[in-house]
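Novice: The structure follows.
Taken together, the values in this text are just the output of simple stated rules run on the coordinates, not laboratory data. Predicted model only: the values in this text are computed from it and were never measured. Cβ: placed from backbone, ideal geometry, glycine included. Neighbour counts: every protein chain shown.
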C-alpha cells in the first residue's frame, strides 16, 4: 500500500487547537501529544490496571451495549459471510463487568474480543468527561456542540466506514491506526448493505489488512490513495466529515475518546434521508432521465445557490432562498405531504 503522508502538528494543546487551519486543510491531521496532560492518559501511562480501576471507580452500574466476538474473528468486527448479520453478538453489561472480563483473559493468548462501542462519555462517565475534554471555541460550534464518545475494549478492527460529523479522535491507551480514504473512494471500497449495518453505519466488505484483489480489484486503487495515521497514547487525529476510516486498536486493553460535531444547523435534517429517497425515486429510472436529474441536482443542490436566485425577484425565492428554521419546517411539511399521497 502506498499511503499518502498525514500532516503532523506538534505543540497543540486542548486549548490551542487551530480549527481554522484544520478546516482549511480538509484532510486528516495528526495533533501530536494533544491530550498528553489528560488525567486519564496520565493514569493509563502508569499502568493498564490503574486505568481500569479509574474507569470502574466511575462506573454508574447502568447496563451499556457491548460487542462480544469469539477468538476466530481475529479482532475484526463486521458482517457474517452472507452480510445478513454480524460475526459478533451484542449484549448489555455494566462497565465493571466488561473490564473484569477483559482482565481475566490477560494471561490467555487466545481470548474473546470485547468492545464497548461509542458510549456517550458525558453520560456514562460524566466526572471523567469533565476533566478529559477539549476546548471548542469557534463559530462552527455555535449551533452544534461536539458530542464526546468513549471506546473501550480489547484489540479491535472497526471496518472502514464514514461518519457524517467531523471528528477529533484522542488516543488514550493502546496504539491505534486509522486508515483513511477521501469520500470519492467509495466506489473502490465495496460497501456492504445499508441494512443491517455494524454500529449503524455501512462498512466495507473488504479486509484491508489482507486484501483480496481478485474479489475486490478496485480496492488496490483505494489503498494506493489511503492516508495512514498511527497514534500513540496522548495523540489526537482530526479528519473531515464523510471520510472513510478503518480503526485498529492493537493492545489487549484500549481506550479512545472522540468528539463528533455536525457543521449544518440541526433543522436541516439528515442527508442520508435524501440518499434513501433518491434511491426510491431516481436510481431505477432510465439512464437518460438520470442524466437529466443529475443536471438538476447540480444546478439546485450542488451548484452555486446564489446563481439559482440571481434572476428572480426576492418575493418568489421560497425554498430557493437560504434555508432557515421556519423555511426548513415548511419544506419538510411539504415533502411529508407529497410522500404520503
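Novice: Sorted from fewest to most neighbouring beta carbons within 10 Å, what does the list 16, 205 look like?
Specialist: Details: 16 10, 205 18.
In increasing order of surrounding Cβ atoms, one gets 16, 205.
Novice: Taking Cα atoms, how many degrees apart are the long axis of helix 287-297 and the longest axis of the chain, rounded to 10 and kept between 0 and 90?
Specialist: 90 degrees
Novice: So, one more: May I ask you to compute the full-extension gain from residue 127 to residue 321, defined as 0.36 nm times their residue separation minus their alpha-carbon distance, rounded to one decimal in nm? The partial results should precede the final answer.
Specialist: Values: separation 194, 0.36 × 194 = 69.84 nm, distance 4.40 nm.
Result: 65.4 nm gained on full extension.
Novice: Along each principal axis of its Cα atoms, how long is segment 33-95 end to end? Whole angstroms, biggest number first, please.
Specialist: 45, 30, 20
Novice: What distance in nm separates the two pseudo spin-label positions at residue 187 and residue 331, each 7 Å out from Cα along the beta-carbon direction?
Specialist: Computed distance between label sites residue 187 and residue 331 equals 2.8 nm.
Novice: Let a ≥ b ≥ c be the square roots of the eigenvalues of the Cα gyration tensor of segment 267-339; is it rounded (a/c under 1.5), or, if not, prolate (a/b larger than b/c) or oblate?
Specialist: Values: a/c = 2.18, a/b = 1.26, b/c = 1.73.
Cα axes put segment 267-339 in the oblate bin.
Novice: Would you compute, from DSSP H runs of 4+ residues alone, the mean residue ellipticity of the chain at 222 nm, taking -39500 (n - 2.57) per run and dividing by the full residue count, rounded to the nearest 500?
Specialist: -7500 deg cm²/dmol
Novice: Among 260, 243, which comes first, then next, by fewest other beta-carbon atoms within 10 Å?
Specialist: Details: 260 18, 243 21.
If I rank by nearby Cβ atoms, fewest first, I get 260, 243.
Novice: Stretch residue 232-residue 112 to full length: gain in nm at 0.36 nm per residue minus the Cα-Cα span?
Specialist: Full extension from residue 232 to residue 112 adds 40.8 nm.
Novice: Enter the angle in degrees (range 0 to 90, nearest 10) between the Cα long axis of helix 95-104 and the first principal axis of the Cα atoms of the chain, meaning the one along which they spread out most.
Specialist: It works out to around 50 degrees.
Novice: Could you list 282, 189 in order of exposure, starting from the residue whose Cβ has the fewest other Cβ atoms within 10 Å?
Specialist: Neighbour counts put them in this order, fewest first: 282, 189.
Novice: Applying 1/(1 + (r/R0)^6) with R0 = 41 Å to the Cβ-Cβ distance of residue 210 and residue 307, what FRET efficiency is obtained, to the nearest 0.05? Mind showing how you got there, number by number?
Specialist: Numbers: r = 48 Å, r/R0 = 1.17.
Using R0 = 41 Å, I get an efficiency of 0.30.
Novice: Starting from the Cα gyration tensor of the chain, take the square roots of the eigenvalues, sort them a ≥ b ≥ c, and report rounded, prolate or oblate (rounded when a/c is under 1.5, otherwise prolate if a/b is larger than b/c, else oblate).
Specialist: Values: a/c = 1.82, a/b = 1.50, b/c = 1.22.
Since a/c reaches 1.5 and a/b is larger than b/c, the shape of the chain is classed as prolate.
Novice: Further, regarding this structure: Report, in degrees rounded to the nearest 10, the 0 to 90 angle that the Cα long axis of helix 48-57 makes with the longest principal axis of the chain.
Specialist: Approximately 70 degrees, to the nearest ten.
Novice: Rounded to two decimals, what is Rg over Rh for segment 140-261 when you use alpha-carbon atoms and the Kirkwood radius?
Specialist: Details: Rg = 14.5 Å, Rh = 15.0 Å.
Rg/Rh for segment 140-261 comes to 0.97.
Novice: Where a ≥ b ≥ c are the square roots of the eigenvalues of the C-alpha gyration tensor, would you call segment 194-341 rounded, which needs a/c under 1.5, or, failing that, prolate if a/b is larger than b/c, or oblate? Spell out each step's value before the answer.
Specialist: Details: a/c = 2.29, a/b = 1.70, b/c = 1.35.
Cα axes put segment 194-341 in the prolate bin.
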